[in-house]
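Student: Mind looking over this structure? Questions follow.
The values are calculated or read from the model by the stated rules, or taken from the named source; none is laboratory data. This is a predicted model, so every value here is computed, not measured. Positions of Cβ are backbone-derived with ideal geometry, glycine not excepted, and every protein chain shown enters the neighbour counts.
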């Protein structure tokens, strides 16, 4: 994964993101923290909204399989487990996920990265979202859904 | 055009090949769990459907569209419930 451009925000100087605004009115503004968090959350949720954001590499899918097997029932995936597993995904697979989505939605991705002020973090979140989707898709079907189907008059 | 018809139309227009592929992928994963013990009818329906989704792209496309329609109706009924709670 490529290096994130570092944003140096020194009070009174222009923000290094290139917006032309002073840093304390741009990425140096602490009020932007909420927007940054939201932007990273949006990157994480891309896989929920876009079925194209899916892992394809066999080793990545095998990793999702192992994590799903270790989860009990519909348990949430621990954040540290997800982060470690996402970091273990092959760089080419991670790059493919990011480049395909960002090519399909270049303006959205650009805006999201700008708001997050950290391209690398946005990429990591998108990859974590794809991994989480693969894990959840491999959890056992809730029995109550199948029972409902058994009882339906077809 | 009535709202349910509009929902069907929009759902069909939004459906892309990745939605169809996802239906097939999920069908493949569901197949691994089949049959469900003690649930023969459900297992038979799901086995037939997963096989059809894998072999017939139009069937998979229809499932994908219906899933979106069902989701929209589910969300819509949730909003109605919420509105009634607030009114009460």
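Student: So which of A:130, A:94, A:117 is away from every other protein chain (no Cβ under 14 Å) and closer than 13 Å to residue A:60 by Cα?
Tutor: A:94
Condition check ((1) within 25 Å of residue B:23 (Cβ to Cβ); (2) surrounded by 13 or more Cβ atoms within 10 Å (Cβ to Cβ)) across all residues:
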residue	(1), (2)
A:49	yes, no
A:64	yes, yes
A:84	no, no
A:93	yes, yes
A:96	yes, yes
A:112	no, yes
A:133	yes, yes
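Student: Now for a different question. Would the range A:135-147 turn up any residue that is in contact (Cβ under 8 Å) with a residue 40 or more places away in the chain, in a helix (DSSP H, G or I), surrounded by 14 or more Cβ atoms within 10 Å (Cβ to Cβ) and under 13 Å from the mean Cα position of the chain (by Cα)?
Tutor: No: the range A:135-147 contains no residue that is in contact (Cβ under 8 Å) with a residue 40 or more places away in the chain, in a helix (DSSP H, G or I), surrounded by 14 or more Cβ atoms within 10 Å (Cβ to Cβ) and under 13 Å from the mean Cα position of the chain (by Cα).
Student: While we're looking at this one, here's another question. Would you point out which residue out of A:65, A:125 is more than 14 Å from chain B (Cβ to nearest Cβ) and at pLDDT 95 or above?
Tutor: Every option except A:125 fails the conditions.
Student: With the range B:1-57 as the region, which helices (runs of 4 or more DSSP H) entirely inside it contain at least 2 residues that are loosely packed, with under 15 Cβ neighbours inside 10 Å, within 8 Å of chain A (Cβ to nearest Cβ) and out of contact with any helix residue (DSSP H, G or I) (no Cβ under 8 Å at 6 or more places or on another chain)? Before the answer, list the steps.
Tutor: Details: elements: B:3-14, B:17-31, B:40-55.
Helices (runs of 4 or more DSSP H) meeting the threshold: none at all.
Student: Out of curiosity, is residue A:100 surrounded by 11 or more Cβ atoms within 10 Å (Cβ to Cβ) and either within 13 Å of the chain's Cα centre (by Cα) or within 14 Å of chain B (Cβ to nearest Cβ) (or both)?
Tutor: Details: surrounded by 11 or more Cβ atoms within 10 Å (Cβ to Cβ): yes; either within 13 Å of the chain's Cα centre (by Cα) or within 14 Å of chain B (Cβ to nearest Cβ) (or both): yes.
Here the answer is yes, as residue A:100 does meet what is asked.
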